[in-house]
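Written below as structure tokens is the structure these notes are about.
What follows is calculated from the coordinates using simple rules that are stated; it is not laboratory data. Quantities reported herein were computed from a predicted structural model and do not represent experimental measurements. Positions of Cβ are generated from backbone atoms using ideal geometry, with glycine treated the same way; all protein chains shown enter the neighbour counts.
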Amino acid sequence: MIPYEEYKSYGPYSRPDGRMHMCFVHKVNGSKKTVSYPKYIMEIKLGRYLESNETVHHIDGNIENNSEHNFEVVDRSQHTKFHSMKVRTRFQPEIWICAYCGNNFTATTEMVRQRDYNERRGKGQSGKFCSRSCNGKINH
């Protein structure tokens with residue numbers, strides 16, 4: 001069986017985060033499904049659907065490089081561990097200045113990660129605060 005032969009395919013479409021996906025409508029019953037473009041490419045190349053414990057990894061780390069030569073099928077749990085370690089080591093604590101009281105404080109890795117996430121998506125930030133108290137006082 002060839003993957004997706006029983007579906008009408010649409011795409012690929014680009015998501016706001018730069019990832020690509022495919023949409024499918026079943027030719028008989030009309031059911032719909034969405035699949036990541038890299039997964040679709042690998043399933044077509046392999047001639048089979050991926051197992052539930054498999055996922056597709058971008059070898060060069062660039063999610064916008066959708067060349068089939070940049071893909072490898074890997075174990076899902078190992079892939080998750082790999083990327084969670086990468087995230088933990090990428091964000092280091094930073095020294096910030098509180099927007100309300102002006103004191104220096106150490107921003108946690110989670111605060112730095114959240115700031116970078118918001119910046120990548122074009123979201124503004126109201127300020128960097130050393131505490132919930134300073135955050136609350138800024139509007140009064």
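On C-alpha positions alone, give me the angle between the axis of helix 109-120 and the longest principal axis of the chain, in degrees, nearest 10.
60
Residue farthest toward the positive end of the dipole of the chain, with Cβ of Lys/Arg at +1 and Asp/Glu at -1: which of P38, Y13, M111?
Ranked along the dipole, the leading option is M111.
Where does each of Y49, Y7 land when they are ranked from fewest to most other beta-carbon atoms within 10 angstrom?
Neighbour counts put them in this order, fewest first: Y49, Y7.
Quick check: the angle from helix 37-46's long axis to the longest principal axis of the chain, C-alpha only, nearest 10 degrees?
Roughly 30 degrees, rounded to the nearest 10.
Residue-wise, which Karplus ³J(HN,Hα) couplings in Hz belong to the range 23-36, taking 6.51 cos²θ - 1.76 cosθ + 1.60, θ = phi - 60°, and x for glycine or proline?
10, 9, 10, 5, 5, 9, 9, x, 5, 10, 8, 10, 9, 4
Once a ≥ b ≥ c are taken as the square roots of the eigenvalues of the Cα gyration tensor of the range 7-87, is the result rounded (a/c under 1.5), prolate (a/b larger than b/c) or oblate (a/b not larger than b/c)?
Taking the square roots of the gyration eigenvalues as a ≥ b ≥ c, the range 7-87 is prolate.
Would you grab the residues whose amide H sits under 5 Å from the one on E72? Only those 5+ places off in sequence or on another chain, please, with H modelled 1.01 Å from N.
H57, I59
Summing -39500 (n - 2.57) over the DSSP H runs of n ≥ 4 in the chain and dividing by its residue number, what mean residue ellipticity at 222 nm do you reach, to the nearest 500 deg cm²/dmol?
My calculation for the chain gives -9000 deg cm²/dmol from helical runs alone.
List the relative contact order of the chain as a percent without decimals, with contacts defined as Cα pairs under 8 Å and 6+ residues apart.
Once normalised by length, the contact order is 14 percent.
Arrange Y40, Y4 by Cβ neighbour counts within 10 Å, fewest through most, would you?
Ascending number of Cβ neighbours within 10 Å: Y4, Y40.
So if I place +1 on the C-beta of Lys and Arg and -1 on the C-beta of Asp and Glu, and nothing else carries charge, what would the dipole magnitude of the chain be about its Cα centre? I want it in debye, nearest 20.
My answer is approximately 620 debye.
Total Lys pairs in the chain closer than 29 Å by alpha-carbon, pairs eight or more apart in sequence or interchain only?
19
Enter the mean projected area of the convex hull around the alpha-carbon atoms of the range 91-137, in nm², rounded to one decimal.
That works out to 3.1 nm².
What does the convex hull of the alpha-carbon atoms of the chain project to on average, in nm²?
11.9
Points 7 angstrom from Cα along the Cβ direction at T80 and E54: gap in nanometres?
1.9
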